[in-house]
1. Considering the stretch 163-195 alone, what residues qualify as being more than 11 Å from the chain's Cα centre (by Cα) and without any contact (Cβ under 8 Å) to a residue 60 or more places away in the chain?
2. Among the residues of the stretch 29-44, is there at least one that is more than 19 Å from the chain's Cα centre (by Cα), open to solvent by 40 Å² or more (accessible area, probe 1.4 Å) and of a type in the set (F, W, Y)?
3. Please specify each residue of the stretch 101-123 satisfying the condition of being in contact with a Ser or Thr (Cβ under 6 Å, 6 or more places away or on another chain) and either surrounded by fewer than 19 Cβ atoms within 10 Å (Cβ to Cβ) or part of a strand (DSSP E or B) (or both).
4. Please identify the pairs in which a residue from the stretch 28-53 that is modelled with pLDDT of 90 or more has its Cβ atom under 8 Å from the Cβ atom of a residue that is in a helix (DSSP H, G or I) and open to solvent by 60 Å² or more (accessible area, probe 1.4 Å), counting only partners at least 6 apart or on another chain.
5. Mind checking whether some residue in the stretch 72-93 is free of Cβ contacts under 8 Å to residues at least 12 places away in the same chain, surrounded by fewer than 18 Cβ atoms within 10 Å (Cβ to Cβ) and within 15 Å of V149 (Cβ to Cβ)?
6. Are any of the residues in the stretch 132-153 open to solvent by less than 10 Å² (accessible area, probe 1.4 Å) and of a type in the set (G, A, S)?
7. Out of the stretch 155-213, which residues are among the basic types (K, R) and in contact with an Asp or Glu (Cβ under 7 Å, 6 or more places away or on another chain)?
8. Within the stretch 139-178, which residues are of a type in the set (S, T, Y) and either modelled with pLDDT of 95 or more or not in a helix (DSSP H, G or I) (or both)?
Amino acid sequence: MSHEDEDETPGSTVCLAHMLVDGHVVDPQTWNDVSTFRKSERKRLYVARQNQSADERKSASTAISLRLDEILGDVAGRRIAAFWPIRGEVNLHGWMAAASDRGAQIGLPVVVEKNHPVEFHRWSPGCVMAKGIWHIPVPAEPDPVTPDVVIVPLLGVDERGYRLGNGGGYYDRTLARLDGEVLIIGVGQAFARIKTIFPMPWDVPMHKVVLGDGTVSDHFFRLTKPPGG
């Protein structure tokens, strides 16, 4: 998912504070300060992603894919929501195809209504794709999948597992409405680590975070080094 930073739209701070997720109310000045900080962090992290080489990106995708295999084990029959990478996000196409071949149902996020939670529509290798919102490819034939695992792209992640995304709130709305049994895994580059995103009431921490250097952590951030690390 990607778009411009809608949560920093001038003149909409108070309304957004009330409406972003389930009517949470936040002091406008507090949200303005947090929003300014997050916007600055996004710019910094986008630059870091843009400066990665192709080899660095491939290495990160490989490391994350291996760790996902370790975490999820046998994926036959699992319903896994993944994502289509844009703007330098981790590319998991190969992992998605392999998981599909092993019997998993893979879903991609689809915005069906602005400022609402996304749906996940079934994807398989070679399926026909169409342009969704912001021209992000989505399955052409809607086939909703209710996931038991959601793999979420992250731009930044803090020490408590809270995710810094692209700023539109779509994943926030979606994650807040998931069944409590759904496993949420955030994936991103090794430099995504930040001290805090100053989480707001609507922010949902990841259950696990997998980064491009092969490290895995849960939302308490107990760090596990990759084999040989």
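1. L178, D179, G180, E181, V182, L183, R193, K195
2. Yes, the stretch 29-44 has at least one match.
3. The one that is in contact with a Ser or Thr (Cβ under 6 Å, 6 or more places away or on another chain) and either surrounded by fewer than 19 Cβ atoms within 10 Å (Cβ to Cβ) or part of a strand (DSSP E or B) (or both): I106.
4. L45/F191; A48/F191
5. Within the stretch 72-93, one or more residues are free of Cβ contacts under 8 Å to residues at least 12 places away in the same chain, surrounded by fewer than 18 Cβ atoms within 10 Å (Cβ to Cβ) and within 15 Å of V149 (Cβ to Cβ).
6. Checking the stretch 132-153: not a single residue is open to solvent by less than 10 Å² (accessible area, probe 1.4 Å) and of a type in the set (G, A, S).
7. Across the stretch 155-213, the qualifying residues are K195, K208.
8. Residues satisfying the conditions are T146, Y162.
The values are calculated or read from the model by the stated rules, or taken from the named source; none is laboratory data. Owing to the predicted nature of the structure, the values given are computational and were not obtained by experimental measurement. All Cβ positions, glycine included, derive from the backbone under ideal geometry; neighbour counts span all protein chains shown. Quick note on the areas: whole protein, heavy atoms, side chains included, nothing else; ligands and nucleic acids left out. Shrake-Rupley method; radii C 1.70, N 1.55, O 1.52, S 1.80 Å.
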